[in-house]
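Engineer: Next up is a structure, given as structure tokens.
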Amino acid sequence: MASLVWLIVGLLLVAAEVLSGEFVLVMLGVAALGTAGAVALGAPVWVSALVFAGLAGGLVLGARPALKRRFEVGNELKTNVDALLGKRATVVSTVDHQGGRVRIDGDVWSARTLNEAEVLETDTTVLVMEISGATAIVSAQP
């Protein structure tokens, strides 16, 4: 009967993880499922408590950080200036180190070159290297 209780608790915790997304409840659920297995094999109450504590601690402190890193890498949404870095742009009017204009995603921006000696002619495709205020710092595509 005790293994059935642990099994139900484990499944409920794993199901509840869908709502939180923090990987804590799923770790506790897996620990409860492991404890259900230990109880089903005939472990006494004190052993089942140790199994649950060991599994829960190990999973929350060991597996959870690795899983969070794995699922959060690359999920950040770039907005504003960060979304423009590395984009391709088209020169609208000649761009040199003093100024010029480029079209980035349909919007016309003031621009200047990253390299002082570089001069980029109209219709050249360039790469946005950085944004300084309202000016795109661009460089010819490699």
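Engineer: Identify, please: which residue in the range 114-133 is in contact with a strand residue (DSSP E or B) (Cβ under 6 Å, 6 or more places away or on another chain), free of Cβ contacts under 8 Å to residues at least 40 places away in the same chain and open to solvent by less than 70 Å² (accessible area, probe 1.4 Å) and is, among those, nearest to residue 87 (Cα to Cα)? Steps first, please.
Structural biologist: Taking the range 114-133 first, the residues in contact with a strand residue (DSSP E or B) (Cβ under 6 Å, 6 or more places away or on another chain) are 114, 120, 122, 124-130.
Cutting the leftovers down to free of Cβ contacts under 8 Å to residues at least 40 places away in the same chain gives us 114, 120, 122, 124-126.
Filter once more, keeping what is open to solvent by less than 70 Å² (accessible area, probe 1.4 Å): 120, 122, 124-126.
On the way: 120: 16, 122: 17, 124: 14, 125: 10, 126: 8 Å.
My answer is 126.
Engineer: What number of residues in the range 76-89 are at pLDDT 90 or above and open to solvent by less than 60 Å² (accessible area, probe 1.4 Å)?
Structural biologist: Number satisfying all stated conditions: 1.
Engineer: For the range 9-109, which helices (runs of 4 or more DSSP H) that fit wholly inside it have 3 or more residues that are within 27 Å of residue 136 (Cα to Cα)?
Structural biologist: Details: elements: 24-40, 45-58, 64-72, 80-84.
The qualifying helices (runs of 4 or more DSSP H) are 80-84.
Engineer: For residue 51, state whether it is at pLDDT 95 or above and open to solvent by less than 70 Å² (accessible area, probe 1.4 Å). First the steps, then the outcome.
Structural biologist: Working: at pLDDT 95 or above: no; open to solvent by less than 70 Å² (accessible area, probe 1.4 Å): yes.
No; evaluated as a whole, the condition is false for this residue.
Engineer: Of the residues 80, 115, which is at positive phi and among the polar types (S, T, N, Q)?
Structural biologist: Numbers: 115 fails: at positive phi.
Criteria check complete, one pass: 80.
Engineer: Scanning the range 10-48 for residues that are open to solvent by less than 60 Å² (accessible area, probe 1.4 Å) and of a type in the set (Val, Ile, Thr), which turns out nearest to the chain's Cα centre (by Cα)?
Structural biologist: 24
The values are calculated or read from the model by the stated rules, or taken from the named source; none is laboratory data. All of these numbers come straight from a predicted model, not from anything done at the bench. Note: ideal-geometry Cβ built from the backbone for every residue, glycine included; neighbour counts use all protein chains shown. What goes into the accessible areas is simple: the full protein's heavy atoms, side chains included, and nothing from ligands, DNA or RNA. Shrake-Rupley method; radii C 1.70, N 1.55, O 1.52, S 1.80 Å.
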